[in-house]
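Enquirer: This is the structure, below, for whatever I ask next.
The values are calculated or read from the model by the stated rules, or taken from the named source; none is laboratory data. Because the structure is predicted, anything quoted here is derived from the model rather than measured. Ideal geometry is used to build each Cβ from the backbone, glycine not excepted, and the neighbour counts take in all protein chains shown.
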Amino acid sequence: MKQKIITKRGEKTVSLSPRRAIRRNCQMCSDYLWEEVESCQTVECELHAFRSGSGSEKNLNAEERMKAIQRYCRDRCCGGDEKQYRSCDMETCPLFIYRLRNIQSHETDKSG
């Protein structure tokens, strides 16, 4: 799915799967330093287990990845405020397009 995001060099439109969206979000959090993402010690972060973007994250599946995105957006970004979570307007956030989606609609998008 295409989305405009903020990168180290400014705004850019990129194709983002949930896996890539998490990776981009972790890169932003770590000031775009991949070494910082790899050595991240923030294990309480909902996205920590998915940060490498390699797909081999402890055999976690796509549904768990989508749930982690939703928990991160709702709990970490919006402080658990459901209204703020649902009305988020941070369209350049890599996670924005996935925050309210369910795994079935994502799989349908991929196949169709």
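Enquirer: Any chance segment 55-76 includes a residue that's touching a Cys at 6+ places or on another chain (Cβ under 6 Å) and modelled with pLDDT under 95? Working first, answer last.
Expert: In the first step, residues of segment 55-76 are kept if they are touching a Cys at 6+ places or on another chain (Cβ under 6 Å); the result is none.
Checked segment 55-76: no residue is touching a Cys at 6+ places or on another chain (Cβ under 6 Å) and modelled with pLDDT under 95.
Enquirer: Checking PRO18 against (1) of a type outside the set (A, V, I, L, M); (2) modelled with pLDDT under 95; (3) out of contact with any His (no Cβ under 9 Å at 6 or more places or on another chain), which single condition isn't satisfied?
Expert: (3)
Enquirer: Follow-up question, since we're still on this one. Could you say whether any residue in segment 61-74 is assigned to a loop (DSSP other than H, G, I, E, B), more than 22 Å from LYS12 (Cβ to Cβ) and not β-branched (Val, Ile, Thr)? Full working, then the answer.
Expert: Of all residues in segment 61-74, those assigned to a loop (DSSP other than H, G, I, E, B) come to 61.
From the residues that got through so far, the ones that are more than 22 Å from LYS12 (Cβ to Cβ) too are 61.
Next cut, not β-branched (Val, Ile, Thr) only: 61.
Yes, segment 61-74 has at least one match.
Enquirer: What single numbered condition from (1) assigned to a loop (DSSP other than H, G, I, E, B); (2) modelled with pLDDT under 90 fails to hold for THR108?
Expert: (1)
Enquirer: Would it be correct to say that ALA21 is touching an Asp or Glu at 6+ places or on another chain (Cβ under 8 Å) and part of a helix (DSSP H, G or I)? If you could, list the steps in order and put the result at the bottom.
Expert: On the way: touching an Asp or Glu at 6+ places or on another chain (Cβ under 8 Å): no; part of a helix (DSSP H, G or I): yes.
In short, no.
Enquirer: A further question on this structure: Can you tell which of CYS40, CYS26 is touching a helix residue (DSSP H, G or I) at 6+ places or on another chain (Cβ under 8 Å) and either more than 21 Å from ARG99 (Cα to Cα) or exposed (fewer than 11 other Cβ atoms within 10 Å of the Cβ) (or both)? Let's see the steps before the verdict.
Expert: On the way: CYS26 fails: either more than 21 Å from ARG99 (Cα to Cα) or exposed (fewer than 11 other Cβ atoms within 10 Å of the Cβ) (or both).
Just a single option satisfies the conditions, and that option is CYS40.
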